[in-house]
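The values are calculated or read from the model by the stated rules, or taken from the named source; none is laboratory data. Nothing here was measured: the structure is a model prediction, and the numbers come from that model. A quick note on method: Cβ atoms are made from the backbone with ideal geometry, for glycine too, and the neighbour counts reach across all protein chains shown.
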């Protein structure tokens, strides 16, 4: 898989994997060791390490060492840019859908309103 280069793409690439999303969900309730994060997944330790590298590279988690333990914690600020992008685009698309609704309403003959249950076409099951 080609590695994303800009920060927003790295965040979305990291979020694109269900194992990484599971790791983030676990970390949302507090920091955890690598072993604790690996526990619910039936994958190898090197695979978990790779997932953690992707999450860390995207800035979504931070890893530190405490005695002999590798501890991970979520870095919630890294979600801010992705959240802003989603919200901006959601508003843009909602505006487009609202305009489409207005256009479609203008195409409907004036005497014809939205279909009612008695006039709506029936679909046989």
Inside the stretch 8-49, can you point out the residues that are in contact (Cβ under 8 Å) with a residue 60 or more places away in the chain and either at positive phi or buried (at least 19 other Cβ atoms within 10 Å of the Cβ) (or both)?
11
Test residue 8 against the criterion of being in contact with a strand residue (DSSP E or B) (Cβ under 8 Å, 6 or more places away or on another chain), at pLDDT 85 or above and assigned to a helix (DSSP H, G or I), and give yes or no.
no
With the checklist (1) assigned to a helix (DSSP H, G or I); (2) at pLDDT below 95 in hand, flag the one item residue 20 doesn't pass.
(2)
When only residues in the stretch 50-91 that are in a loop (DSSP other than H, G, I, E, B) and in contact with a helix residue (DSSP H, G or I) (Cβ under 7 Å, 6 or more places away or on another chain) count, which is surrounded by the fewest Cβ atoms within 10 Å (Cβ to Cβ)?
59
